[in-house]
Amino acid sequence: MAPRCWLWWHWLGWPRIRPPSASNSTTFGGSDEVRNPINAKALRKMRRKVQGRVKLCKMHLLTDSSEKNPQICVVGSGPAGFYTAQHLLKHHTQAHVDIYEKQLVPFGLVRFGVAPDHPEVKNVINTFTQTARSDRCAFRGNVVVGKDVTVPELQGAYHAVVLSYGAEDHQSLEIPGEELPGVCSARAFVGWYNGLPENRELAPDLSCDTAVILGQGNVALDVARILLTPHELLEKTDITEAALGVLRQSRVKTVWIVGRRGPLQVAFTIKELREMIHLPGTRSILDPADFLGLQDRIKEVPRPRKRLMELLLQTATEKPGAGTAGQALATRAWGLRFFRSPQQVLPSPDGRQAAGIRLAVTRLEGVGEATQAVPTGDTEDLPCGLVLSSVGYKSRPIDPSVPFDSKLGIIPNVEGRVVGVPGLYCSGWVKRGPTGVITTTMTDSFLTSQMLLQDLKAGLLPSGPRPGFAAIQALLSSRGVRLVSFSDWEKLDAEEVSRGQGAGKPREKLVDPHEMLRLLGH
Ligand SMILES: Cc1cc2nc3c(=O)[nH]c(=O)nc-3n(C[C@H](O)[C@H](O)[C@H](O)COP(=O)(O)OP(=O)(O)OC[C@H]3O[C@@H](n4cnc5c(N)ncnc54)[C@H](O)[C@@H]3O)c2cc1C
Ligand SMILES: NC(=O)c1ccc[n+]([C@@H]2O[C@H](COP(=O)([O-])OP(=O)(O)OC[C@H]3O[C@@H](n4cnc5c(N)ncnc54)[C@H](OP(=O)(O)O)[C@@H]3O)[C@@H](O)[C@H]2O)c1
């Protein structure tokens, strides 16, 4: 018997019986049963086991090499990349998935976006770690797809490629003065306090009294909360030491969170609002006039928004001093300003720094989802020393060969299949735009994986074997790229945890890629 057949024979669970001869190799029992003196009960048990395994074989011994042993590549190791990989590995027991990531470390916005004071959200890392440790999955960090390796090169090496590279840019405001010092995107600010290497030098100037955040989404609330949270509380989180140092010296007392529409259209959610309301040493500034007539209108809105509105209304109409004792002694404040659209960043007299923001007063037109803010012609100037623009993230095109809808900021796709490019898929924020929480990203990544597996089964992906990582490794090494594996990340992880221990933090993040590579001995 050839060695390969012998392996199959063992796996089928029949090692103790002499292998069948060529003439009866498809039947069990019969003459072999007579020749081997084993008892009938054991034989029946073994037969059931064999039948089960033969059934499994039938499911997985598929007709061509791509179906049998697909090599799949995922670009990006955020929630979309990991959930896509998890689903593929679970639903195809022979698939191999390589996850390419531009950073040296995995997990995308779970590490570089989610606020340091929300550690419970980061528990998804445990699930992602299980996926990465599978022997059919590999993390290939420190590889910038589109620069170190092209998408067509990946397509040549794998049966399918899934683009899950998120939204790495920020929406610009497109207003005069946006480039002045003192104006910064919330994306860069978040990256700075979360240790994103490219933002580690940001060191925002917090010597002013008032900061303005443009946009009323959850990112805006994250940023406001980090600006106003007492530093003793932040010291127990995984916020970087450099950010803590700057926040300890902060003189910011008031944070305005500005929306171009009204209370009914805010994009933040109730949990995040509640956290703002209960922030120690901080009070809220809400103008009851903004909420006039809302009591009746909220009866018609869906329940989650209704509850959010009720909390806003209650906070806006509460008598001063009715809050907690901490709020009565508050030295800091946050406020929501509605019906104000950013028009111009106002410079300081010497023109070197932002000194305020001119806002166009707006009114609403349209109903429901289509409600739009239209300028009334009036403006209002709000003095401040820091402007943080939090009007959303934005995806970039990754490679000239990949279609990209620059208006919507997504890869055009139908349920994750990239339009016009067989074998190319997308998931997460680059598939549907930069909104939605981790569970939304999970659901859409599972859907993309389902489409890929359907195509595989239908024979729509390239047949025949593909070299997978072996081919890409050769390319990357010829280009001088130093790869980081998941076990490398685990060493960095241990180092971060150990550095955090002394300070009572869950970890002290490494922020310098050169230092990380040095620690890995690269
Ligand atoms: C500030 C912030 C806070 C958030 N907080 C929460 C929260 O508390 N709870 C919650 O449920 N949701 C939260 N979200 C939403 C959540 O983070 C997203 O739903 C989710 O991260 C989107 O996943 P993704 O994989 O599409 O993108 P990402 O998480 O951005 O992952 C994309 C990955 O692709 C990599 N990549 C990019 N370009 C390349 C390239 N060229 N080559 C290789 N790799 C590349 C990136 O480095 C990154 O690792 C938050 C979002 C933000 C912005
Ligand atoms: N704790 C959490 O769960 C958490 C934390 C952070 C982020 N996230 C999620 O991550 C996603 C992204 O959050 P996000 O806050 O970046 O985006 P977002 O939820 O889309 O909010 C963007 C905000 O910017 C405003 N805006 C957009 N363009 C503008 C412009 N040109 N001028 C003025 N205002 C403008 C929007 O107002 P309009 O509505 O008028 O457009 C909206 O208030 C969201 O789904 C969010 O829930 C979740």
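Once the Kirkwood radius over Cα pairs is known for segment 156-218, the Stokes-Einstein relation at 25 °C and 0.890 mPa s delivers a diffusion coefficient of 168 µm²/s. Taking every full run of DSSP H in the chain, the ones that stretch at least 24 Å from end to end by Cα along their long axis and average -1.0 or higher on the Kyte-Doolittle scale are 40-60, 438-457. Residue by residue, segment 386-397 carries 3J(HN,Hα) couplings of 9, 10, 10, 8, 10, 9, x, 8, 8, 7, 10, x Hz when phi is fed to the Karplus relation 6.51 cos²θ - 1.76 cosθ + 1.60 (θ = phi - 60°); x denotes Gly or Pro. Give, as ranges by residue number, the residues of segment 386-421 whose backbone N falls under 19 Å from the point 7 Å along Cα→Cβ of residue 305. Under 19 Å, as judged by backbone N against the label point of residue 305, lies no residue of segment 386-421. Tell me which residues come under 5 Å, amide H to amide H, from residue 216 once H is placed; ignore anything under 5 positions away on its chain. Residues meeting the amide H criterion: 267.
A dipole drawn for the chain from +1 and -1 charges on Cβ atoms has a positive end, and of 85, 453, 233 the residue lying farthest that way is 453. Taking N as the residue count of segment 358-449, its C-alpha radius of gyration divided by 2.2 N^0.38 Å amounts to 1.50. Distance distribution note for the chain: the fraction of Cα pairs above 34 angstrom is 49%.
Look at the dipole of the chain built from charges on Cβ: of 416, 285, 189, the Cα furthest out on the positive end belongs to 416. Ranked by the mean number of other Cβ atoms within 10 Å of their residues, highest first, the peptides 251-262, 75-86 fall in the order 75-86, 251-262. Estimated at 0.36 nm per residue, the fully extended path between residue 91 and residue 381 surpasses their Cα-Cα distance by 98.7 nm.
Per-residue Karplus couplings for segment 172-179, computed as 6.51 cos²θ - 1.76 cosθ + 1.60 with θ equal to phi - 60°, are listed in order as 8, 7, 6, 10, x, x, 4, 8 Hz, Gly and Pro entered as x. Only DSSP H runs of four or more residues enter the estimate; each adds -39500 (n - 2.57), and after division by the residues of the chain the mean residue ellipticity at 222 nm equals -10500 deg cm²/dmol. Annotation for residue 460 and residue 68: the two label points, set 7 Å from Cα along the Cα-Cβ direction, are 2.4 nm apart. Size descriptors for segment 460-522 (Cα atoms only): Rg and Dmax, in that order, 17.2, 55 Å.
Here the relative contact order of segment 110-197, from alpha carbon pairs under 8 Å that lie six or more residues apart, stands at 44 percent.
The overall shape of segment 68-163 is oblate: from the C-alpha gyration tensor, with semi-axes ordered a ≥ b ≥ c, the ratio a/c is 1.5 or greater and a/b is no larger than b/c. Along the axis of the charge dipole computed for the chain (Cβ charges of +1 for Lys and Arg, -1 for Asp and Glu, origin at the Cα centre), the listed residues 143, 176, 294 are led at the positive end by 143.
Applying both filters, DSSP loop and at most 16 other Cβ atoms within 10 Å, to the GluC sites (Glu not before Pro) of segment 288-394 gives 318.
Within the accessible area of segment 107-257, what % is carbon and sulfur when the probe is 1.4 Å and the other protein chains stay in place? Heavy-atom surface of segment 107-257 belonging to carbon and sulfur, 1.4 Å probe: 50 percent. Residue pairs exceeding 28 angstrom between C-alpha atoms, taken from 68/407; 102/431; 122/271; 147/505: 68/407; 147/505. Note on segment 176-215 and segment 498-514: Cα centroid distance 22 Å, given to the nearest whole angstrom.
Most tightly packed first, judged by the mean number of other beta-carbon atoms within 10 Å of their residues, the peptides 111-118, 97-104, 396-403 read 97-104, 111-118, 396-403.
For segment 89-240, the C-alpha radius of gyration divided by 2.2 N^0.38 Å, with N the number of residues, is 1.26.
Accessible surface for segment 469-511, divided over its residues, is 49 Å² per residue with a 1.4 Å probe. Hydrodynamic radius of segment 392-516 by the Kirkwood approach over all distinct alpha-carbon pairs: 18.1 Å.
For residue 170, the amide hydrogen comes within under 5 Å of the amide hydrogens of 394, counting only partners 5 or more places away or on other chains and with H modelled in the peptide plane.
The values are calculated or read from the model by the stated rules, or taken from the named source; none is laboratory data. Not measured: the values here are computed from a predicted model. Cβ sites come from the backbone with ideal geometry, for glycine too, and all protein chains shown count toward neighbours. Accessible surface is based on the protein model in full, side chains and every heavy atom, while ligands, DNA and RNA are left aside. Shrake-Rupley method; radii C 1.70, N 1.55, O 1.52, S 1.80 Å.
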